[in-house]
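Since the structure comes first, as structure tokens, the remarks are kept for the end.
The values are calculated or read from the model by the stated rules, or taken from the named source; none is laboratory data. These figures come from a predicted structure and were not determined experimentally. As a convention, Cβ positions derive from the backbone with ideal geometry for all residues, glycine included, and neighbour counts pool all protein chains shown. The accessibility values were calculated without ligands, DNA or RNA, using every heavy atom of the protein model including side chains. Shrake-Rupley method; radii C 1.70, N 1.55, O 1.52, S 1.80 Å.
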Amino acid sequence: MSEQTLVGIVMGSTSDWEVMKEAAQICKDFGVSFEARALSAHRTPLELEQWMEEMELRGCQAFIAGAGGAAHLAGVVAAKTILPTFGVPIPSKYLKGLDSLLAMVQMPKGIPVPTLGIGEAGAANAGLSVVAMLALNDVGLKAKLIAFRAAQAEKVRNAKLPELS
Ligand code: RP5
């Protein structure tokens, strides 16, 4: 069997990659194996299902799904698996991602989609949420997450505000 791939990152379109690459970058930085694909709930529903099945066979532990507009992708992914599925609302052309956010976060009771903020910060935080989840059973990953937090705190402590002119 091929090596385990812990995280499946899926987005509705290649146009979502600029945002979703933030989630992939977090996985990469923490040494968490992932596969990222552009697969749509409405354009390629069969391929989405096949990929998800394959990911589960490869030992996937969580999905991150990003989509824009009537962003049903995360809900569809969550419906097809019991693995945790995190949603990332992608900024949309006319409603700036508010449509994507509401479509994801307002899932009816029973099939949750823990939803992050709109855009890059949401994508990065989805990655960090998955890292935190995996760190529950991985001491090495836990240490990396603690170090990441400490480095962030140190940056704030050392920050200097600009002088007044
Ligand atoms: C959604 O429609 C995608 O997630 C993307 O955010 C949006 C626009 O897709 P493209 O027209 O750029 O392919 O399905």
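The table for this structure:
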{"quantity": "Test result for SER40, open to solvent by 40 Å² or more (accessible area, probe 1.4 Å), near the ligand (Cβ under 10 Å from one of its atoms), out of contact with any helix residue (DSSP H, G or I) (no Cβ under 6 Å at 6 or more places or on another chain) and polar (S, T, N, Q)", "calculated": "no"}
{"quantity": "Residues of the stretch 87-136 satisfying the condition of being within 16 Å of the ligand (Cβ to nearest atom) and in a loop (DSSP other than H, G, I, E, B)", "calculated": "PRO91, SER92, LYS93, TYR94, LEU95, LYS96, GLY97, VAL113, LEU116, GLY117, ILE118, GLY119"}
{"quantity": "Matching entry among PRO45, PRO84 (being surrounded by fewer than 17 Cβ atoms within 10 Å (Cβ to Cβ), more than 10 Å from the ligand (Cβ to nearest atom) and over 24 Å from LEU145 (Cβ atoms))", "calculated": "PRO45"}
{"quantity": "Pairs, first touching a residue at least 24 places away in the same chain (Cβ under 8 Å) in the stretch 136-165, second open to solvent by less than 100 Å² (accessible area, probe 1.4 Å), C-beta under 7 Å, six or more apart", "calculated": "LEU141/PHE30; LEU141/VAL131; LEU141/LEU134; LEU141/ALA135; LYS144/PHE30; LEU145/VAL131; LEU145/ALA132; LEU145/ALA135"}
{"quantity": "Residue match in the stretch 48-64 (condition: within 9 Å of the ligand (Cβ to nearest atom) and of a type in the set (Gly, Ala, Ser))", "calculated": "no"}
{"quantity": "The stretch 48-80 - residue that is open to solvent by 70 Å² or more (accessible area, probe 1.4 Å) and in a loop (DSSP other than H, G, I, E, B) and, of those, farthest from ASP99 (Cα to Cα)", "calculated": "GLN61"}
{"quantity": "Test: VAL10 is closer than 26 Å to PRO91 by Cα and outside any strand (DSSP E or B)", "calculated": "no"}
